[in-house]
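Only one structure is covered here, and it is reproduced in the block below.
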């Protein structure tokens, strides 16, 4: 592993359900990456149930601030960390509505004085809710790792998490099977408490890498409770070896959505497009956005298959699918075409994660998110023969 990157890779560690050991896996692979020479940060994005500070031995205390007002992350075992657990007492719940959760998440990434990093791991809460969507929309995630146990219930829910990440165009780095089997310390017999091989089967079915399996080992729990991950305390154990192997694979993965770099933003008056175009290659997905030219009156998009598409601003305005323009339950259009001025134009275009564009218009509308898939499906206006 090297430390040559100047922009950190943002990697989400996710799970479909709770109780699969996702935070334990995150803590161990973070320390393993640091041991291998990478500059690593961890965002404990589980706002309601933060556990990373305890697993890394970080005290619950308000973090210090720089003179510029940026948060200084805690450091433990070579890893920089920010967590709600550092801002609240152990017995004080974080009672927050969705908008405040989103605000904290963006603060944890953007307003923390991380310094130079190679990798920033985002330890997500279980499920496919607000936090996952906020991160996918606000930040250009480099990839996601899905953690599951081998049991069927966990694997079925893990599939949903994988599909959610695919829908927002986050590359899947792979599947980790945790609590894979228990080896008796006396006789060496392996007992597969949660079944066997399920994570590998799911990875094969969905066409994503299988990163490895971590055995069920009581010392993993004991080390986490003591604030010293097993890769430090028992480096030669099967669990620690598995975590290091998984960390190496994640660090080596170079998966890309194949499109233009994000984030970007455009407003009128800019002489150039906000993102440099990329040349489509043989492995570029057809639906990857490889070029964007913006004028107030239209967008011109270039796709991974070489197709160029020009869409007038008014067509984009009429196609908005936000809750103000389209009924979320029935799909019926709420926006009346006669209410949209013929000369409506774009006033802002910005990236939404890796999968959509946010558009603002001269009529004041600015809540629409147009996915790359929906833009690609739009037809260009017909030109009449003269």
Between the helical axis of 152-167 and the dominant principal axis of the chain, each derived from Cα atoms, what acute angle in degrees is found, rounded to the nearest 10?
-> 40 degrees
Pop the C-beta distance of residue 326 and residue 350 into the FRET formula with R0 = 25 Å and round what comes out to the nearest 0.05.
-> 0.75
At R0 = 41 Å, FRET efficiency that the Cβ-Cβ distance of residue 191 and residue 283 yields, to 0.05 = 0.45
Per-residue Cβ neighbour rank within 10 angstrom, fewest leading, 219, 102, 351 | 219, 102, 351
Binned at 5 Å from 0, what are the whole-percent values of the Cα-Cα distance distribution for region 7-164, short to long?
-> 2, 9, 19, 23, 22, 15, 7, 2, 0, 0, 0
Given Cα pairs under 8 Å that are at least 6 residues apart, what percent is the relative contact order of region 265-377?
-> 21 percent
Give the peptides 58-69, 221-232 in descending order of average Cβ contacts within 10 Å, highest first.
-> 221-232, 58-69
Give the value in nm², to one decimal: projected area of the alpha carbon convex hull of the chain, averaged over all directions.
-> 23.0 nm²
On Cα atoms only, tilt of 238-252 relative to the major axis of the chain in degrees = 20 degrees
Most mobile of 282, 116, 337 in a GNM of the chain (Cα contacts under 10 Å) | 282
Between the Cα axis of helix 98-110 and the main Cα principal axis of the chain, the angle (0 to 90°, nearest 10) is 80 degrees
Please find, in a Gaussian network model of the chain (springs between Cα atoms separated by less than 10 Å), the residue of 279, 12, 323 whose mean-square fluctuation is greatest.
-> 323
So, by mean Cβ neighbours within 10 angstrom, what's the order for 17-29, 238-250 with the highest one leading?
-> 17-29, 238-250
Relative contact order (percent, whole number), the chain, Cα cutoff 8 Å, 6+ residue spacing = 15 percent
Write down the Kirkwood hydrodynamic radius of region 265-377, to one decimal in angstroms, obtained as one divided by the mean of 1/r over all alpha carbon pairs.
-> 14.7 Å
Full extension between residue 153 and residue 100 adds, at 0.36 nm per residue less the Cα distance, a length in nm of 15.9 nm
With springs only between Cα atoms under 10 Å apart, run a GNM on the chain and tell me which of 236, 123, 44 wobbles the most.
-> 236
So how far apart, in nm, are the two label points at residue 333 and residue 374 if each is 7 Å from Cα heading toward Cβ?
-> 1.4 nm
Per-residue ellipticity at 222 nm for the chain, helices alone: DSSP H runs ≥ 4 residues times -39500 (n - 2.57), over residue total, nearest 500 deg cm²/dmol?
-> -7500 deg cm²/dmol
Checked region 212-343 against the a/c 1.5 cut and the a/b vs b/c comparison, axes a ≥ b ≥ c from its Cα gyration tensor; verdict prolate
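Every number here is computed from the coordinates shown, using simple stated rules; none is lab data. The structure presented is a predicted model; accordingly, all values stated were derived computationally and were not measured. Cβ atoms come from the backbone with ideal geometry, glycine included; neighbour counts cover every protein chain shown.
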